[in-house]
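These notes are about the structure you will find just below.
The values are calculated or read from the model by the stated rules, or taken from the named source; none is laboratory data. Please read these numbers as outputs of a predicted model, since none were measured by experiment. When we count neighbours, we look across all protein chains shown, and the Cβ atoms used for this are built from the backbone with ideal geometry, even at glycine.
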Amino acid sequence: MSQSTSDTALDVASVVEDVNLRRIGHYTIIILFLGFFLLPLITGIMTALKTSNAVANTLPFMPPLGDGFTLANLEYAFGRLSHAFVNSLLMAIPATIINVLLASMAAFGLTMVRWRGQLGILVLFLIGIFVPYQAVLVPLARFWNNIFPIADMLEPLFSIVPLIQGYHSALVPLIVTHVAYGIPICMLLFRSYYQSLPNSLVEAAKIDGASITKIYRRIILPISKPMFGVVFIYQFTQIYNEFLFSFTLVTSANSSEAPITLIIPTVGASTSGIDFGIRMAAAFLAALPTIILYVAFAEQFAKGLETESA
């Protein structure tokens, strides 16, 4: 009896030991991954809060101590970027809203409505996803500058509109370009979501006499909120961080309408070198709008991803 009891106790102890070792292994892997991903972030924050001497004389991930701590980097970077913040938001917000709405309507028409020639139009959308930016830069610049200079046409109108300036008309070509380039991929995201919806929703509405417009507005649009969150975050991040189109159509960081992606490379740069504290502070300030957007749409983003994976 005692031998049986001791064997049972030994088996339980070995199981507990295996479980503990497995748990320790899991936690170790998690901690290593956290360190791998968080160390660059911590290093950047520490660098943004250090003086130039502290950056040069301390390890990058060490916190600033004593005279090495400063907020002057953030103040200077914000002063340099505040104007560009406005330009980037005036470009990214309307472009994203128009893009998401048009992509949603296009996906609805190509997924839940049957009509002649549908496949051909869908193929054109798919082709649009694979057109590289570099292939359209020269035609794009010639079109907006020589063939259809919409910025010059709208500048007098923008000059009399409250809260914006005449030079903001130069952002219109960027907005239209981002909308045209973003619709195909956003349509594909919406299409994959709409394909997961039951056709009975649309069929029941048709039996009740609802038009295609009413079906989209009353049924599809309300249940698409999670996917709107996903696509809105994705497209805003793409447009806000885009550099190539901005560099092609605006061309200079000294221009009044220059977005933040053109200003960032000039912040902290001088003839004596680069002030990495200021440069890092500018990078974190530039990332704030996307961080705020992720936090604001976190619930819808999670629901949209859950629906996509399902």
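Going by the structure shown, is LEU74 within 30 Å of SER246 (Cβ to Cβ), part of a helix (DSSP H, G or I) and without any contact (Cβ under 8 Å) to a residue 12 or more places away in the chain?
Spelling it out, it is not the case that LEU74 is within 30 Å of SER246 (Cβ to Cβ), part of a helix (DSSP H, G or I) and without any contact (Cβ under 8 Å) to a residue 12 or more places away in the chain.
Among the residues of the range 48-67, is any within 30 Å of LEU249 (Cα to Cα), buried (at least 16 other Cβ atoms within 10 Å of the Cβ) and touching a Ser or Thr at 6+ places or on another chain (Cβ under 8 Å)?
Checked against the condition, which is being within 30 Å of LEU249 (Cα to Cα), buried (at least 16 other Cβ atoms within 10 Å of the Cβ) and touching a Ser or Thr at 6+ places or on another chain (Cβ under 8 Å), the range 48-67 yields no hits at all.
Might you let me know whether the range 11-29 holds any residue that is farther than 30 Å from ILE274 by Cα, at pLDDT 90 or above and assigned to a helix (DSSP H, G or I)? Quick ask: steps written out before the conclusion?
Start the filter on the range 11-29 by keeping residues that are farther than 30 Å from ILE274 by Cα, which leaves 11-29.
With at pLDDT 90 or above added as a condition, the list becomes 29.
Applying the additional criterion that residues be assigned to a helix (DSSP H, G or I) yields 29.
Yes, because at least one residue in the range 11-29 is farther than 30 Å from ILE274 by Cα, at pLDDT 90 or above and assigned to a helix (DSSP H, G or I).
Just to check your reading of the model, which residue among SER246, SER200, SER211, SER252 is closer than 17 Å to ALA84 by Cα and without any contact (Cβ under 8 Å) to a residue 12 or more places away in the chain?
Going through SER246, SER200, SER211, SER252 in turn, the sole match is SER252.
What is the residue count in the range 142-167 for residues that are of a type in the set (Gly, Ala, Ser) and in contact (Cβ under 8 Å) with a residue 12 or more places away in the chain?
Count: 1.
State which residue is farthest from THR248 (Cα to Cα) when the search covers only the range 161-178 and only residues that are of a type in the set (S, T, N, Q) and buried (at least 17 other Cβ atoms within 10 Å of the Cβ).
SER169
Show me the helices (runs of 4 or more DSSP H) entirely contained within the range 165-262 in which 3 or more residues are hydroxyl-bearing (Ser, Thr, Tyr).
Qualifying helices (runs of 4 or more DSSP H): 171-194, 225-241.
Between a residue in the range 114-137 that is assigned by TED's automatic domain parsing to the domain that holds VAL179 and in a helix (DSSP H, G or I) and any residue that is surrounded by 10 or more Cβ atoms within 10 Å (Cβ to Cβ) and of a type in the set (S, T, N, Q), which pairs come within a Cβ distance under 7 Å, given they are 6 or more apart or on different chains?
Every condition considered, the pairs that remain are LEU137/THR248.
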